[in-house]
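Single-structure report; data block below.
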Amino acid sequence: MERVEAEAILDGDRETAILFLLRLGELVEANGRLEARVGELERRLNRSSRNSSLPPSQDPPSVPPRPGGKGSGRARGGQPGHEGKHRRLLPPEQVDEVVEHWPERCQSCAHVFELPERVDAGEPTRHQVAELPPTSVVVTEHRLHGVCCPGCEARTLAELPVGVPRSAFGPRLQAAVVTLAVRNRVSRRDTTELVRELFGVELSTGSVDAIIQRAGEALAGPHTELEQRIKAAAVVNIDETGWKTAGGKRTLWAALTSLTAVFRIAPSRHASEAKTLLGERFTGIVCSDRYPGYDYLDPTQRQICWAHLARDFTAHSEGMSEQKQFGEACLEVAGELFTAWDTYQETGDRDQLQARTALLQERLRELLERADRK
């Protein structure tokens, strides 16, 4: 405030006083906006995989490493007296070959053992070695002969028996190729190299692609059946993530139940893709994040992933005053919920689980409603 303005206010200048109060109100409002802006920027700056939906790979360098478990104070490795863990030996009936080894001379006096002296002094020590046999694809040539009919002189050619592939590659080899190229995302060129090195078969990249296309056609029926199971399921977990195919951007969608898993590489992350997986009239419960693509579902059908909720509560707990108290109270509810689930996993008592979660649900509702009123 300027001195002239202060003196005018003291002298009872009403107009100057009003202008001052208006300016003061504008300054207070601007200061509030600046504080809100600073708070938002600080929130963005402090975002990490612990308090937002960011994956750990996008954590900024300033984020400290995740705290490890409480140390035991003991040195690393096996402790004195601890019985070590070793690979289990297969039973004798599962062993393909047994090779007997005998000592040649006494380790004490160097006496050379003759054949009659080879008498077991206790049970032999067993050592098993697992090894791949020299792998080579078995090539079978089917010769289809033609016979001329003595009556009409027409030539009839033999046909391949049922069960013999019409392709140049058998079903197990094709399954191995598809596993490498699709399941493990090995490039077509690298797949041809691996098949050559591992199985001794020469394949072109075109043959690899043709095998993949045939496998896709063969699996279309089972895939459709799995999709129908997802759409009829009582509970489905669903998520989506970025994906690349031939350098182009795609979205990998996953819908899973306790018995069924359906993955779909889609052109986009649009809500229509969620409807394609779940169906427009899905009647079960969907566990997901807050992606708007699932908003077409009734809110009573939505269960937000508790891992995401816990991160949101963590973000609130890092705030100030009432926000901090709200976040800490919600984290306490989340911790008790996880404990209740762990107990259910051990006991299988669903009635107890439902009773405990009902109380926690009411507590969380009260916290949310109280925060909403403020």
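No value in this document is a laboratory result; all are computed from the given coordinates. Treat the numbers as computed from the prediction; the structure is a model and nothing was measured. Cβ sites come from the backbone with ideal geometry, for glycine too, and all protein chains shown count toward neighbours.
If you add up the charges near Glu159, with Lys and Arg at +1 and Asp and Glu at -1, over every other residue whose beta carbon is less than 14 angstrom from its beta carbon, what do you get?
Details: positive: Arg143, Arg155, Arg166; negative: none.
So the environment of Glu159 carries a net charge of +3.
Report the antiparallel proportion of the DSSP beta bridges in the stretch 232-302 as a percent, rounded to a multiple of 5.
Values: 15 of 19 bridges.
About 80 percent, rounded to the nearest 5.
Cα centroid distance between the stretch 102-164 and the stretch 300-374, in Å?
Their Cα centres are 61 Å away from one another.
How about the stretch 182-247: which trypsin sites (Lys or Arg not before Pro) there are in a DSSP loop, with at most 15 other Cβ atoms within 10 Å of their Cβ?
Details: sites: Arg183, Arg185, Arg188, Arg189, Arg196, Arg214, Arg229, Lys231, Lys244; in loops: Arg185.
The qualifying sites are Arg185.
How big is the charge dipole of the stretch 126-191 about its Cα centre, in debye rounded to the nearest 20, if each Lys and Arg gets +1 on its Cβ and each Asp and Glu gets -1 on its Cβ? List each step's numbers first, then the result.
Numbers: 9 positive and 5 negative charges, 81 e Å.
I would put it at about 380 debye.
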